[in-house]
Amino acid sequence: MLVPVLLFAVGLVLLIKGGALGRMLADVFSGNVGVVPVLMCAAVCLLASMNDMAAPSVSLEGRQLWLAQSLPVTPWQVLRAKLDMQLLLTGVPLLFCALCAVIVLPGGAAEMTLAVVVALLYTLLSALAALALGLRLPNLTWTNETTPIKQGGSVMLALFVNWFYAIALGGLYFLCGRYLSAAAYLALAAAVTAAVCALLLHWVKQRGTRIFAAL
């Protein structure tokens, strides 16, 4: 639960102290202010990446998994509940933090809007990736519930994948910035992220539900 609180706290700090940060960034990137929305988006995504609660959610069922499997609901409804929990606890504070950044940091309306869209799509992507990894690397034989949370392979892998995406989002702009405007770059990032989300969602609803039912 630390990440949602951290996102809200960062948003409040930005509202209070963000003016000085905005002026500093405007001076540093005076030749290319468009980089600010990109870095803002990457930073917010990096903060949100530490919340991967969907990754251990299947493993936490442990030997009582049969209870979830025997409920009068479809496997997708069970998995969607796990997915929705991460989306709710990450998406709402992320949106608050991103909107606070939009208020105080320099950048055009198009770039800032796309930065928020990419951040929200990233929330969906990270939740789907975490759930998919949790289904592929379950640990149902633990004797202490901290094992799947802190030592699970799916948790570590999901964390590193999410970090990589957030860092790559910010870093690649410095390679592509001379060819693409910030708005074009963020639009491309949104399109790619949405496409990967669609593929992961299809996998979870089809293959993932069969894996869950057979565990």
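Quick look at the values:
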item: Residues of the range 129-160 classified as part of a helix (DSSP H, G or I) and either of a type in the set (Gly, Ala, Ser) or more than 20 Å from Ala214 (Cβ to Cβ) (or both), total; result: 16
item: In the range 189-215, the residues that are among the aromatic types (Phe, Trp, Tyr) and under 19 Å from the mean Cα position of the chain (by Cα); result: Trp203
item: Every residue from the range 89-145 that is more than 22 Å from Asn162 (Cα to Cα) and among the aromatic types (Phe, Trp, Tyr); result: Trp142
item: Number of the exception - Ala115 against (1) within 16 Å of the chain's Cα centre (by Cα); (2) at pLDDT 85 or above; (3) crowded, with 20+ Cβ neighbours inside 10 Å; (4) farther than 22 Å from Ala98 by Cα; result: (4)
item: For Glu61: the one exception among (1) free of Cβ contacts under 8 Å to residues at least 40 places away in the same chain; (2) within 22 Å of Phe212 (Cα to Cα); result: (1)
item: The range 161-177, residues that are open to solvent by less than 80 Å² (accessible area, probe 1.4 Å) and assigned to a helix (DSSP H, G or I); result: Val161, Asn162, Tyr165, Ala166, Ala168, Leu169, Gly170, Gly171, Tyr173, Cys176
item: All positions within the range 64-99 that are open to solvent by 70 Å² or more (accessible area, probe 1.4 Å), without any contact (Cβ under 8 Å) to a residue 24 or more places away in the chain and of a type in the set (A, V, I, L, M, F, W, C); result: Trp66, Leu67, Leu71, Leu88
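The values are calculated or read from the model by the stated rules, or taken from the named source; none is laboratory data. This structure is a prediction, so every number in the text was calculated from the model and none was measured. Because the Cβ atoms are built from the backbone with ideal geometry, glycine has one as well, and the counts that use them run over all protein chains shown. Note: accessible area is taken over every heavy atom of the protein model, side chains too, but ligands, DNA and RNA are not part of it. Shrake-Rupley method; radii C 1.70, N 1.55, O 1.52, S 1.80 Å.
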